[in-house]
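Here the structure comes first, spelled out in structure tokens, and everything after it is commentary.
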Amino acid sequence: MPESTRDKDGLIAQLQAVVGQAGLVTDPQAQASYTTDWLGKWHGQVRVVVRPSNTQEAAAVMRVCHSLRTPVVTQGGNTGMSGGATPDSSGAQVIVSTNRMNLIRSVDPVNNTMTVDAGVILAHAQQAALDVHRYFPLSLGAEGSCTVGGNLATNAGGIAVLRYGNMRDLVLGLEVVLPDGRIWDGLRGLRKDNTGYDLRGLFVGSEGTLGIITGAVLKLFAQPAARATAWVGAASLQQLVTLLTQLRACCGERLTAFEMMSAPALALVLEHVLETRAPLLEAHAFNALIELSDTDGTGLHALLENALAQALTGGVISDATLPASQAQSAALWKLREGISQAQVRAGKVIKHDIALPISSLADFVTKADQAVNATAEKHNVVIVNFGHLGDGNLHYNVLLLAGVSAEAIKETTVLFNRAVHDLVTAFNGSISAEHGVGQLRRDELKHYKSPVELEMMMCIKRAFDPNQIMNPGKLL
């Protein structure tokens, strides 16, 4: 369709006046990387992709979209897991991409803060901290392509939440372009500020439904001087929970990561990911990858070794190994990080990104395994259970082996989601821990959130976005 036909209301022309031709993507083929999520699960169409280069341009873009009532989908690195950054198929929406907003604005090693554009890639933020001998601890598989703005919009977690918290805990201030184009400058690097409502907290985890995050003040930490890693095997998940409690008591804040993999999850990686090998001689029902870190590395390895020796003696775990080199440690982390790749190669996955009280994890998994196996009936499924045990976040996935029909996938997804999420709710958990709600869990949210919670969320949405143009069809 000629651009003049698609631009009857002058939207594209007005946006070009703001960002220039270099800031627009109008060719459908060039738009493909924006309109399809990286999993290839969600697809959409847009009139135009707009790429502002700074906050002022982003504000001007929003003023145009607000005046024409044009729906906007904000997008960072397009690495999300829940379809939150993918437009619908109507062709009426506009993507506002922050990938040109990629400046490290300032680094303050004395205040232990860094101010960045929302489009800064997470790995670049990590490196900017290292350059001044500081540490930004958010770490996840997509860190080479995901952006700080996307991490904030979904309240990303990752492997170090146990020690440092998720993204909400790692940000002090925000800059946000509101739906009508006004700019809220909340870029304050303060750890104490009791001057009213926590506006910053409203935007973290809001998935682009309240405004566009354009800048952030991030917390920095002392750079760890040493790390100690171990892999352990146990007969039950409850034993790993007991080990976690013991390590917290003897290692304190040095305990940085406690990642769990069930035997089927590990077997899947060993089968489908090249250059991997089992870390222990015998298979165990549950495994944990543990990491300590400290600014003073003296005795760190011995501390972990002694703690695990006591756990072995006490029958809490069945076996353990501590790598003797950085390469061996990296090989252990490759096992943990290879699960997503292995699942894609093995079949179709019904994913559950859930959070539970740590004390309830073992009982939940026992009941969930029973419920899934009872629901599976005629389908050949594998339960791929792994996750961040230290903060109660499980990726309790159900793998349908290769060759299953699309109809069977659709049918079983509904059944397994209900079986798992009903149990999560019964255990006072959450059906979305770190990946966001997006399109994936939007309709389920209505089933598991109370009417009071939903009404409060809708009141906030209407207050900030009365014309309902910010990321429609997501979250709410």
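Please treat every number below as a calculation from the coordinates, not as lab data. Worth saying up front: this structure is predicted, and the values here are computed from it rather than measured. A quick note on method: Cβ atoms are made from the backbone with ideal geometry, for glycine too, and the neighbour counts reach across all protein chains shown.
Observations on the structure shown:
- Subset of Lys348/Lys474; Lys348/Lys446; Lys41/Lys334; Lys219/Lys449 violating a 28 Å alpha-carbon distance limit: Lys219/Lys449
- Charged side chains reduced to their Cβ positions (Lys and Arg at +1, Asp and Glu at -1) give region 3-97 a dipole of some 120 debye around its Cα centre.
- From the alpha carbon centroid of region 216-273 to that of region 318-334 is 12 Å.
- The stretch between Asp169 and Leu312, if pulled fully straight at 0.36 nm per residue, gains 48.0 nm over its current Cα-Cα span.
- Axis angle, to the nearest 10 degrees, between helix 451-464 and the longest C-alpha principal axis of the chain: 40 degrees.
- Helix axis angle, 55-68 relative to the chain longest principal axis, alpha carbon, degrees: 60 degrees
- Working note: Karplus 6.51/-1.76/1.60 with θ = phi - 60° gives region 429-437 the couplings x, 10, 7, 9, 9, 9, 9, x, 8 Hz, where Gly and Pro are set to x.
- Peptides 304-314, 172-182 ordered by average Cβ neighbours within 10 Å, highest first: 172-182, 304-314
- Dividing the C-alpha radius of gyration of region 3-97 by 2.2 N^0.38 Å, with N its residue count, gives 1.01.
- Assigned charges on the beta-carbon of Lys, Arg, Asp, Glu; region 81-190 dipole about Cα centre (debye): 160 debye
- Sequence ranges 467-474, 365-372, 384-391, ranked by mean other-Cβ count within 10 angstrom, highest first: 384-391, 467-474, 365-372
- D (Stokes-Einstein, µm²/s), Kirkwood Cα radius, region 424-476, 0.890 mPa s at 25 °C: 203 µm²/s
- Computed over region 104-222, relative contact order equals 33 percent, with contacts defined as Cα pairs under 8 Å that lie 6+ residues apart.
- Between the residues Gln93, Gly76, Trp42, the greatest Cα displacement towards the positive end of the dipole of region 3-97, with unit charges on the Cβ of Lys, Arg, Asp and Glu, is found for Gln93.
- Only the Cβ atoms of Lys and Arg (+1) and of Asp and Glu (-1) were treated as charged; on that basis the dipole of region 255-374 about its Cα centre amounts to roughly 460 debye.
- Note, ³J(HN,Hα) from phi for region 302-311, Karplus 6.51, -1.76, 1.60, rounded to Hz, x at Gly and Pro: 5, 4, 5, 4, 5, 5, 6, 4, 5, 5
- The angle separating the long axis of helix 237-251 from the principal Cα axis of greatest extent in the chain is about 90 degrees.
- Reachable aspartates and glutamates, given that their alpha-carbon falls under 15 Å from the alpha-carbon of Lys367 and they are not under 8 places away in the same chain: Asp422
- Net charge of neighbours whose Cβ lies under 11 Å from the Cβ of Gln468, counting Lys and Arg as +1 and Asp and Glu as -1: +2
- Once backbone amide H atoms are built at 1.01 Å from N, Gln45 has Asp88, Ser89, Ser90, Gly91 as its partners under 5 Å, excluding neighbours fewer than 5 places away on the same chain.
- Positive-end extreme of charge dipole, the chain - chosen from Leu244, Gln14, Pro137 (charges on Cβ): Gln14
- From most to least packed by mean Cβ count within 10 Å, the peptides 434-445, 243-254 give 434-445, 243-254.
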